[in-house]
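K.L.:
Got a structure here, written out as structure tokens. Questions coming.
Any read-out appearing in this document is the output of simple, stated calculations on the displayed coordinates, not a laboratory observation. Predicted, not measured: the structure shown is a model, and the values here were computed from it. Note: ideal-geometry Cβ built from the backbone for every residue, glycine included; neighbour counts use all protein chains shown.
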Amino acid sequence: MGTDTTRSERGRGPTLRTRLTLVYTGVFALGGVLLLGANYLVASASLRDRGVSLAMTIETVAREDGSPYPAEPAQPAWPLDSWSETQERAGVAEPAALLVDGYQDGVLSDMLVNSVLALVAITLLAAAAGWLIAGRPMRRLHRVTETARTLSEHDLHSRLGLTGPDDEFRELGDTFDAMLSRLERAFDSQRRFVANASHELRTPLAVQRAALEVPLAQDRVPDDLRPAFRRALDSVGRSESLISGLLLLARSDRGLARTEEVDLAGIVRDTAARHEADAREAGVDLRVDTEAAVVAGDAVLLEHLVRNLVENAVRHNTPGGWVEARLRTAHGRTVVKVTNTGAPIADPDALFEPFHRGDAARLRGARPGSGLGLSIVRSIAAAHGATAAARARPGGGLVVTVGFPVP
């Protein structure tokens, strides 16, 4: 994830709709220019051939009749007595071929200018039409993009359901919906397996715990075997914590069946009070700063969320360090923020991955955990429509924030 280059990081270039419009317009303009050039050549050749015939006809008629032809297309309407008078009134008389050439040039110039103006206007209309035509299929493609961008493992039930003509975009949408169905079945199967396996393992672990605790409580274990019994009992406790975490993770991944108004400030204060003894034992100062806040959700899951945050902050700390749990409501969000001192953390986001406990510096001296604490936090937050984020604290330690929408 961290090595992927998004479109915003690369720089936003022209959209596909813009590129298609430019292609449509370019092809239309090129075709118009070629058509205009062909028309110009055809008209020029036709005027030239017919102009020569016209000039020869004018000269022939003038010689036969003995009457002069006009030097210009438009002359005053008075009677002309002779060829010399025509020269005096109109200037030096031009041959008929030159007059025809001027007429040809004028016609071709007018045709060229008017054709270019018409081509520019029609090209602009073609660009607007291309933009509108390209927009319809692009809207369906944007639906696929937006859905893919917002999907997560928590809302794989969403479907595109594209409508419209049975074309490539419709096929893409149907293929995308089929892929979502397969993913939803795979995730559901995984969650059911985790929940069922965890549930089935709890009974034998409870039997093992009883088999170890009863002899120890009745003092029927030889002194040389007591350390081994203690280690086995600790191992059973860690296994039970892991299974409880997996069950809680599976439960939160399924979402909330119902919600109620929960006093989040009270949960934060009670959780901090229950961990004060552990904090003192670890040499950590535990501080609490809350204000009244109510969120909609599941009280049991929210208690687990806050407990995991505080427990994680106390466990992964240093002697003489501190933990601060704050609760504030601002800008339409209720935010739980837990800050702790500790070892420097290179990749805080990786801590939300299941069974990821951090690097060696973070684990040094820490009590063993399941590696599910922050994974459960993020899963419970997502089930409540909240967001969980973590960042490294300057000087070492971690800052975890969970933002809930205000009901």
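K.L.:
Could I have the simple spin-label model distance between T175 and D105, label points 7 Å from Cα toward Cβ, reported in nm to one decimal?
P.N.:
For the pair T175/D105, the computed spacing is 6.2 nm.
K.L.:
Using 7 Å Cα-to-Cβ label points, what is the V113/A197 separation (nm, one decimal)?
P.N.:
With each label placed 7 Å out from Cα toward Cβ, I get 8.4 nm.
K.L.:
For a protection proxy built on the mean count of beta-carbon atoms within 10 angstrom, sort 27-40, 134-147 highest first, please. Numbers along the way, then the final one.
P.N.:
Working: 27-40: 13.4, 134-147: 14.9.
In descending order of packing, they fall as 134-147, 27-40.
K.L.:
Return the sequence-ordered ³J(HN,Hα) values of region 28-38 in whole Hz as given by the Karplus equation 6.51 cos²θ - 1.76 cosθ + 1.60 applied to θ = phi - 60°, using x for Gly and Pro.
P.N.:
My calculation for region 28-38 gives 5, 5, 5, x, x, 5, 5, 5, 5, x, 5 Hz in order.
K.L.:
Whole-Hz ³J(HN,Hα) for each residue in region 290-299, computed from phi via Karplus 6.51 cos²θ - 1.76 cosθ + 1.60 with θ = phi - 60°, x for glycine and proline: what do you get?
P.N.:
10, 9, 4, 7, 10, 10, 8, x, 9, 4
K.L.:
Figure the gain on full extension for R185 and T150 (residue separation times 0.36 nm, minus the Cα-Cα span) and round it to one decimal in nm. Each step should come with its number before you reach the end.
P.N.:
Details: separation 35, 0.36 × 35 = 12.60 nm, distance 1.89 nm.
This chain segment gains 10.7 nm when fully extended.
K.L.:
Spin-label point model (7 Å from Cα, Cβ direction): what's the A45 to A346 distance in nm?
P.N.:
Between A45 and A346, the simple spin-label model gives 7.6 nm.
K.L.:
Which cross-chain or sequence-distant (5 or more) residues have an amide H under 5 Å from the amide H of V288, H modelled 1.01 Å from N in plane?
P.N.:
A325
K.L.:
Another question, if that's okay. Could you calculate the FRET efficiency of A228 with T18 from 1/(1 + (r/R0)^6), where r is the beta carbon distance between them and R0 is 60 Å, rounded to 0.05? Can you show the working numbers first?
P.N.:
Numbers: r = 73 Å, r/R0 = 1.22.
Result of the calculation: an efficiency of 0.25.
K.L.:
Now a separate question. Compute the FRET efficiency between R209 and T259 as 1/(1 + (r/R0)^6), taking r as their Cβ-Cβ distance and R0 = 35 Å, and round to the nearest 0.05.
P.N.:
0.50
K.L.:
Okay, next question. Under 11 Å from the Cβ of T271, count the other residues' Cβ atoms, weight Lys and Arg +1, Asp and Glu -1, and hand me the total.
P.N.:
Charge balance in the 11 Å sphere: -1.
K.L.:
Check G397: other-chain or 5+ apart residues with amide H under 5 Å from its amide H, H built from backbone geometry?
P.N.:
G342, A343, I345
K.L.:
What residues qualify as long-range amide H neighbours of F404, i.e. H under 5 Å apart, gap of 5 or more or another chain, H built at 1.01 Å from N?
P.N.:
The list, which skips near neighbours in sequence, is T334, V335, V336.
K.L.:
In addition: So what are the ³J(HN,Hα) numbers for region 118-123, from phi and the Karplus equation (6.51, -1.76, 1.60; θ = phi - 60°), rounded to whole Hz, Gly and Pro as x?
P.N.:
5, 5, 4, 5, 5, 5
K.L.:
Set the Förster radius R0 to 56 Å, insert the Cβ-Cβ distance between I133 and Q218 as r into 1/(1 + (r/R0)^6), and round the FRET efficiency to 0.05.
P.N.:
Values: r = 86 Å, r/R0 = 1.53.
Once rounded, the FRET efficiency stands at 0.05.
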